[in-house]
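So the structure is just underneath, and the comments pick up after that.
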Amino acid sequence: MAGSRRRTRLGFTIIEGIVAALIMALAIAGMFAGWNAIDWRYYSTREAVQAAQIGRGELERAKVYGADNLPVGSYDTNSQLGTWTGSYISSSGTWSSGGTAYYDLTGTPVANSTAAGVKFSAQITITDSDVRPNLANTSYAFTVTSKRAAVITVRRISDSQILFTQGTNLVRGGI
């Protein structure tokens with residue numbers, strides 16, 4: 001039949017439109033899920049980096065104060081070590097035995113654990129070895145061979161997870 005024409009299809013069927021819309025919806029959902037994962041990773045990395053900065057800063061503060069000027073702790077007859085745990089409280093400019101320092105996400109000190117924007121807590125433990133206990137074994141004095149070590153621990157306030165721990169030896173009399 002020479003006079004017959006072939007019919008050509010124009011446009012999409014409704015099924016093709018639905019399938020295309022589903023594919024597009026899945027692609028957009030995947031894109032948003034990827035952005036969410038990247039955003040979460042960025043935020044957790046930012047937290048870890050800031051916790052490390054706070055920790056290194058606190059250890060540097062301990063070094064600047066010097067081994068001879070840091071607080072002395074309690075003597076333990078079993079371990080034969082002296083131990084002090086606390087922190088430097090910026091607002092009072094003092095070392096606080098048993099105290100905890102608090103910081104916001106930018107590393108700025110804040111007053112307490114309930115202050116607006118508080119994100120991190122920091123405590124330092126100073127351990128003294130090769131010391132001479134007093135007669136009552138409650139305190140101690142340094143000897144020529146005494147050694148001091150400091151370990152800083154920075155935690156996230158929301159779940160108390162340790163984000164950073166680092167230690168250093170403190171040299172009596174300076175380096």
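The values are calculated or read from the model by the stated rules, or taken from the named source; none is laboratory data. None of the values given here were measured: they were computed from a predicted structure. When we count neighbours, we look across all protein chains shown, and the Cβ atoms used for this are built from the backbone with ideal geometry, even at glycine. For the accessible areas, the whole protein counts, side chains as well, though only heavy atoms, and no ligand, DNA or RNA atoms are used. Shrake-Rupley method; radii C 1.70, N 1.55, O 1.52, S 1.80 Å.
FRET efficiency for the SER74 to SER158 pair, using the beta carbon distance and R₀ = 30 Å, is estimated at 0.45. In the chain, one over the average inverse separation of all distinct C-alpha pairs is 20.4 Å, which is the Kirkwood hydrodynamic radius.
Here the dipole of the stretch 27-114 is about 160 debye; that uses its Cα centre as origin and unit charges on the Cβ of Lys and Arg (positive) and Asp and Glu (negative).
With a simple spin-label model that places each label point 7 Å from the Cα along the Cα-to-Cβ direction, the separation between VAL64 and THR45 comes to 3.0 nm.
Calculated [222 nm] ellipticity per residue, helices only, for the chain: -11000 deg cm²/dmol; basis is -39500 (n - 2.57) per DSSP H run with n ≥ 4, divided by all residues, nearest 500. Rounded to the nearest 10 degrees, the inclination of helix 14-65 to the longest alpha-carbon principal axis of the chain is 10 degrees. Only one residue of ILE38, GLY117, LEU163 has its Cα farthest out toward the positive end of the dipole of the chain, where Lys and Arg carry +1 and Asp and Glu -1 on Cβ, and that residue is ILE38.
Here the contact order of the stretch 43-175, divided by its residue count and restricted to Cα pairs under 8 Å and six or more residues apart, works out to 26 percent.
Modelled spin labels at ALA149 and MET31, positioned 7 Å past Cα toward Cβ, are 5.4 nm from each other. Taking all protein chains together and a 1.4 Å probe, the residues PHE164, PHE142 rank PHE142, PHE164 from largest to smallest accessible area.
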